[in-house]
Amino acid sequence: MLKLGDRVRFDQAEHTVVGLAGTAVRLQSQTGVDSVVLLSHLLSWSDFEVIGGAEQPSLTSLGLLEAVPPRAREMALFWERHIAEVETGLPPEAEAGAEPREEYDPAVTTVEDRVAAKARELAEADQPVSVRTLHRMRQRYREQGVWGLVDQRATRQQTLSGRVDPRVITALTALIEAETSDSTGTKSRLRRRVEQALADEYGPGVVPMPSRATFDRLAGALTAGRHTFGSAVTRRQAANRPAGAFTLTAAARPGEQVQIDTTPLDVLAVLDDGVTGRVELTIAVDVATRTICAAVLRPAGTKAVDAAVLLARMLVPEPMRPGWSQALAMKTSRLPHARLLDIDRRLELAAAKPVIVPDTVVCDRGKVFLSEAFQRACRSLGISVQPAHPRTPTDKAVVERTFASINTLFCQHVAGYVGRDVTRRGEPVEAVWTLAELQDLLDEWIVAGWQPRPHQGLRHPRSPQLTLSPNDMYACLVAAAGYLPLTLTGEDYIELLPVTWRAINDYGIQIDYRTYDDEALTPYRRQSSPIEAKRGLWPVHYDPYDLSRVWLRGPDGWITIAWTHAAMVPQPFADFTWRHARKLAAATGRDDTDQTELAWLLADLLKRAGAGPVERRIRARTKAASGPSPHRPAITPAPDDLPEQEDAAADDHDAQIIPFGVFDPFSDQEYL
């Protein structure tokens with residue numbers, strides 16, 4: 001608000017307002033130069049300022065008035081009506097064009113006259129008030145509006161602790177924080193801990209404790225929303241929540257950010273020979289489209305090679321399986337199949353799930369994703385790895401929420417569903433599906449149940465009222481972002497396998513007391529590798545789920561090197577199976593470094609069924625994990641690799657371990 005005589009800053013100089021006419025303001029500079037400026041132009045000038053002007057009163061929030069008791073609010077409005085009449089001559093509810101009363105007309109009375117008249121009026125209405133009080137209320141009304149007229153005694157907020165000693169509050173707060181990682185207790189246990197902490201720090205009886213009822217109310221107020229006396233899992237999850245504001249993870253194109261994580265699947269699976277157990281699910285979810293790029297089921301104990309295989313599965317189209325309906329084919333879906341087929345011929349017989357090449361992968365700091373195998377696989381594919389902050393699952397909230405959706409939309413409808421904890425488990429729960437069958441069911445559900453299903457987090461910018469499915473969102477974004485295929489071969493699969501550094505000796509390559517040899521190693525025996533940083537050792541790639549062969553890079557490509565005792569163990573075996581065989585050998589007094597002895601034990605371990613829960617579980621995990629992979633290069637073993645003397649030894653060994661029946665003198669009369 002401007003009035004005559006105000007000093008203002010305008011155009012880097014001080015001026016005095018000497019005239020007001022409509023929307024024009026006449027200014028006079030310090031040098032005596034007059035100028036006329038439009039009011040809107042003056043107020044919008046960059047350095048405009050009223051010098052020495054009074055601050056405008058702040059607006060009073062209606063919410064503040066609603067928060068005070070009704071009686072205090074009525075009195076504040078009562079005083080506003082009278083103070084406004086003293087200030088302006090008219091009460092706030094006066095109609096337009098109304099004339100002020102004679103004793104309150106600012107044109108003929110002073111402020112002191114109006115204040116004195118208001119004091120007399122209130123005294124006659126049995127509301128006596130002094131002139132000094134009216135002046136003080138006028139000042140508060142100018143500064144704070146109607147809120148300044150509210151009786152402040154009605155707005156006092158009680159403290160949480162009340163009259164409790166502050167030292168009790170400090171100790172109680174610290175012990176509530178310590179309860180986060182402890183088992184759930186009661187308020188009485190917390191009270192005893194507070195008493196003990198105060199006695200240890202200040203001495204027994206120095207700090208007075210509140211009554212039990214007061215302590216319980218105080219503990220309930222301080223633990224609100226923390227689940228201190230509730231579920232320990234919920235309490236830890238609440239304590240692990242970031243303190244900052246929650247920000248949605250956004251991506252503008254497919255593959256801009258892909259989140260990867262592993263969790264146990266809430267379904268029992270039949271591993272082998274009737275052994276049942278839960279499996280682990282590793283998935284990759286595209287943030288922009290919510291597409292489940294790939295999902296891999298493995299027995300408990302996911303390895304780095306599993307994460308690397310997950311990357312490989314992301315980059316290849318999902319093939320149509322025998323028995324799948326043609327409605328699941330990409331050519332019958334909303335995906336732009338014809339346009340994508342011109343770029344990538346692999347999509348001709350693909351299922352209705354897009355192929356997304358990730359730019360950035362967000363994962364947790366588990367050893368699987370921080371391993372050299374996974375990091376090297378990402379580097380070879382040109383993928384940037386972004387580890388989440390420690391103990392911050394919200395950094396990959398999309399994949400965490402996808403796990404919950406898989407449980408509700410898929411797992412609970414599968415035979416063998418056990419629920420997320422034992423309190424939700426039925427009785428009895430029997431496993432029906434094998435790991436391979438469960439993987440096929442999951443792959444089909446992703447194509448039929450997840451990809452075409454509308455997602456609440458997917459909205460088109462031009463039609464925000466409509467929810468899109470992952471396939472719909474991909475069709476919208478790929479038109480703007482484009483599509484660049486990245487094809488993989490069998491050699492690329494070997495590249496993704498973990499590597500160990502070994503020397504090539506006369507007898508071949510030795511890894512964990514296993515010897516691998518092949519005629520193709522002859523030019524490299526006793527030779528140092530050209531990699532000086534590894535002291536002349538050679539990089540050998542291996543599959544942790546199938547140790548029957550390893551791979552070495554040669555000048556003409558990869559060299560497949562078989563285990564020298566592979567013919568004695570006809571089934572694929574994993575590294576944990578080999579370690580278990582060594583433990584059995586050591587437990588029975590045998591040499592756990594003799595690979596021939598270990599080969600017999602390993603073959604017997606893999607062939608025996610029902611010999612005990614540990615052996616059955618090891619064998620089941622091995623067989624389930626070593627199933628066929630669409631990316632592993634096919635290797636056909638030669639039938640004549642085993643020498644004749646080893647064949648004979650194998651036959652003799654089998655004859656020695658055949659168990660004999662119990663001697664029956666009545667049936668075996670010839671032996672009497």
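The values are calculated or read from the model by the stated rules, or taken from the named source; none is laboratory data. What you see is a predicted model; the values in this text were computed from it and never measured. Methodologically, a virtual Cβ is constructed for each residue, glycine included, from the backbone with ideal geometry; neighbour enumeration extends over all protein chains shown. Side chains included, ligands, DNA and RNA excluded: accessible areas come from the protein's heavy atoms. Shrake-Rupley method; radii C 1.70, N 1.55, O 1.52, S 1.80 Å.
Quick look at the values:
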{"quantity": "Pick from segment 218-242, criterion part of a helix (DSSP H, G or I) and in contact with a Gly (Cβ under 9 Å, 6 or more places away or on another chain), ranking: surrounded by the fewest Cβ atoms within 10 Å (Cβ to Cβ)", "calculated": "Ala238"}
{"quantity": "Qualifying residue in segment 129-141 (condition: open to solvent by 80 Å² or more (accessible area, probe 1.4 Å), free of Cβ contacts under 8 Å to residues at least 24 places away in the same chain and either in a loop (DSSP other than H, G, I, E, B) or farther than 28 Å from His227 by Cβ (or both))", "calculated": "yes"}
{"quantity": "Flag if Asp575 is acidic (Asp, Glu) and open to solvent by less than 50 Å² (accessible area, probe 1.4 Å)", "calculated": "yes"}
{"quantity": "Residue match in segment 100-115 (condition: open to solvent by 80 Å² or more (accessible area, probe 1.4 Å) and touching a residue at least 40 places away in the same chain (Cβ under 8 Å))", "calculated": "no"}
{"quantity": "Matching entry among Ala294, Ala251, Ala284, Ala288 (being free of Cβ contacts under 8 Å to residues at least 60 places away in the same chain, within 17 Å of the chain's Cα centre (by Cα) and within 19 Å of Val385 (Cα to Cα))", "calculated": "Ala251"}
{"quantity": "Lone unmet requirement of (1) under 31 Å from the mean Cα position of the chain (by Cα); (2) open to solvent by 20 Å² or more (accessible area, probe 1.4 Å); (3) within 17 Å of Cys476 (Cα to Cα) for Arg365", "calculated": "(3)"}
{"quantity": "Subset of segment 187-204 (residues that are open to solvent by 80 Å² or more (accessible area, probe 1.4 Å) and either touching a residue at least 40 places away in the same chain (Cβ under 8 Å) or over 17 Å from Thr223 (Cα atoms) (or both))", "calculated": "Gln196, Asp200, Glu201, Tyr202, Pro204"}
{"quantity": "Per-region count, segment 372-394, residues modelled with pLDDT of 80 or more, of a type in the set (Gly, Ala, Ser) and surrounded by 15 or more Cβ atoms within 10 Å (Cβ to Cβ)", "calculated": "1"}
{"quantity": "Residue pairs meeting the criteria (Cβ under 9 Å; at least 6 apart or on separate chains; first open to solvent by 50 Å² or more (accessible area, probe 1.4 Å) and outside any helix (DSSP H, G or I), in segment 55-83; second modelled with pLDDT under 90 and among the hydrophobic types (A, V, I, L, M, F, W, C))", "calculated": "Gln56/Met1; Ser58/Trp147; Ser61/Trp147; Pro69/Ala154"}
{"quantity": "Within segment 436-477, considering residues that are in contact with a Leu (Cβ under 9 Å, 6 or more places away or on another chain) and part of a strand (DSSP E or B), the one most open to solvent (accessible area, probe 1.4 Å)", "calculated": "Arg459"}
{"quantity": "Whichever residue in segment 144-163 is within 23 Å of Glu74 (Cβ to Cβ) and in contact with a Ser or Thr (Cβ under 8 Å, 6 or more places away or on another chain) and, among such residues, is most open to solvent (accessible area, probe 1.4 Å)", "calculated": "Gln144"}
{"quantity": "Which listed residue is assigned to a loop (DSSP other than H, G, I, E, B), more than 21 Å from Gly482 (Cα to Cα), open to solvent by 10 Å² or more (accessible area, probe 1.4 Å) and of a type outside the set (D, E, K, R), from Pro317, Pro322", "calculated": "Pro322"}
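For every residue, the table says whether it meets (1) free of Cβ contacts under 8 Å to residues at least 60 places away in the same chain; (2) polar (S, T, N, Q); (3) in a strand (DSSP E or B); (4) open to solvent by 30 Å² or more (accessible area, probe 1.4 Å).
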{"site": "Arg549", "(1), (2), (3), (4)": "no, no, yes, yes"}
{"site": "Leu552", "(1), (2), (3), (4)": "yes, no, yes, no"}
{"site": "Leu584", "(1), (2), (3), (4)": "yes, no, no, yes"}
{"site": "Gly589", "(1), (2), (3), (4)": "yes, no, no, yes"}
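To keep it simple, each residue is scored yes or no on (1) open to solvent by less than 20 Å² (accessible area, probe 1.4 Å); (2) of a type outside the set (Phe, Trp, Tyr); (3) more than 30 Å from Pro461 (Cβ to Cβ); (4) not in a helix (DSSP H, G or I).
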site: Ala480; (1), (2), (3), (4): no, yes, no, no
site: Leu488; (1), (2), (3), (4): no, yes, yes, yes
site: Tyr493; (1), (2), (3), (4): yes, no, yes, no
site: Ile561; (1), (2), (3), (4): yes, yes, yes, yes
